[in-house]
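These notes concern the structure reproduced below.
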Amino acid sequence: VRAEQTTTKAQFSTGGSNIDRNYFNLIPSVLINRKLGTASSLNAGFTQRIKRPGIQRLNPFVDRSNPNFASSGNPDLRPVLLNTFQVGYGFSKKISVNTGLEYSYTKNMDLKISTYNKETNITRITYENTGKLSALILNANVNWPVTKRWTWQVNGNMAYFEGSGLVGDAEQTISRAVLNFFSSTNYGFDGNWRAGANINYRSKGITQLQGVSNAYASCSFSLNKDFSKSGFSVGAVVNNPFT
């Protein structure tokens, strides 16, 4: 159990708003691990984390640099507790494999809220503690030394998110499946030369109740030469050569 005391003080030059908050939290965490022979193990646990609003989300200053939008923070935002249950399995010999399934949920999430005013033609953007968010996530990690010279690594997760919250007087809901994938490989040649490549992919993700982030993919290739006697090395990297 972790005890946390938080004090937040701020005096803003615009809006006449001041922040003077003091709150105390007990953050529990429990993990149980069971060895299954010499090479594998099973674990389960529960963790709780606290998410405090940053100063930009608290700042009441209204940004009107775009005449169609009025963006501001909310000095009344409260901290959010994130609860996570997890189970996992690990195996490690020549090849190392770790998998895990976790379920997370939170209430009163400080989500970005956008409301459009038809009379003024202005969209107001701020943050409110009105959101509920839950996620079911499957994680996997594989490290494989294929040969003495060649290594390969894969990381990835699949997640399903559900969120809801008030936007004005109406309840808004959103749900989405998200995929993240990363893979890298390295090969060592004679003469202390080493070549590597990696690829990264992220599908569309949830950024707020009313929007999603774009999907993207990237890749890179590298070549390195190590001079073992001097400790000097030279490398070159090419990012996204097919874009």
- In region 128-158, which residue that is of a type in the set (Val, Ile, Thr) and modelled with pLDDT of 95 or more is farthest from Leu81 (Cα to Cα)? Thr151
- Task: Can you confirm whether region 200-211 contains a residue that is among the β-branched types (Val, Ile, Thr) and touching a residue at least 40 places away in the same chain (Cβ under 8 Å)?
- Result: yes
- Message: Can you confirm whether Lys51 is more than 30 Å from Ser13 (Cα to Cα), surrounded by fewer than 13 Cβ atoms within 10 Å (Cβ to Cβ), modelled with pLDDT under 95 and not hydroxyl-bearing (Ser, Thr, Tyr)?
- Response: no
- Selected residue [open to solvent by 60 Å² or more (accessible area, probe 1.4 Å) and part of a strand (DSSP E or B)] from Tyr127, Tyr116: Tyr116
- Note on the structure: Those residues of region 130-148 which are assigned to a strand (DSSP E or B) and closer than 30 Å to Ser41 by Cα amount to Ser134, Ala135, Leu136, Ile137, Leu138, Asn139, Ala140, Asn141, Val142, Asn143, Trp144, Pro145
- Query: Would you say Met158 is open to solvent by 70 Å² or more (accessible area, probe 1.4 Å), under 23 Å from Asn214 (Cβ atoms) and part of a strand (DSSP E or B)?
  - Reply: yes
- Taking region 161-170 and keeping residues over 12 Å from Ser134 (Cβ atoms) and assigned to a strand (DSSP E or B) leaves Gly165, Leu166, Val167, Ala170
- Top-ranked residue of region 77-97 - restricted to ones that are of a type outside the set (Ser, Thr, Tyr) and free of Cβ contacts under 8 Å to residues at least 40 places away in the same chain, ranked as least open to solvent (accessible area, probe 1.4 Å): Asn83
- Item | Of all residues in region 219-234 being touching a Ser or Thr at 6+ places or on another chain (Cβ under 8 Å) and open to solvent by less than 50 Å² (accessible area, probe 1.4 Å), the one that is farthest from Leu111 (Cα to Cα) | Lys225
- Task: Pull up region 1-34, narrow it to residues that are assigned to a strand (DSSP E or B) and of a type in the set (Val, Ile, Thr), then point me to the one that is surrounded by the fewest Cβ atoms within 10 Å (Cβ to Cβ).
- Result: Thr7
- Task: Return a yes/no flag: does region 47-56 have any residue that is touching a residue at least 40 places away in the same chain (Cβ under 8 Å), within 23 Å of Gly131 (Cα to Cα), over 20 Å from the mean Cα position of the chain (by Cα) and in a loop (DSSP other than H, G, I, E, B).
- Result: no
- Does any residue of region 184-196 turn out to be acidic (Asp, Glu) and either exposed (fewer than 15 other Cβ atoms within 10 Å of the Cβ) or not in a strand (DSSP E or B) (or both)? yes
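The values are calculated or read from the model by the stated rules, or taken from the named source; none is laboratory data. As the structure is a prediction and not an experimental result, all values here were calculated from the model. All Cβ positions, glycine included, derive from the backbone under ideal geometry; neighbour counts span all protein chains shown. Areas reflect the complete protein model, heavy atoms only, side chains present, ligands, DNA and RNA absent. Shrake-Rupley method; radii C 1.70, N 1.55, O 1.52, S 1.80 Å.
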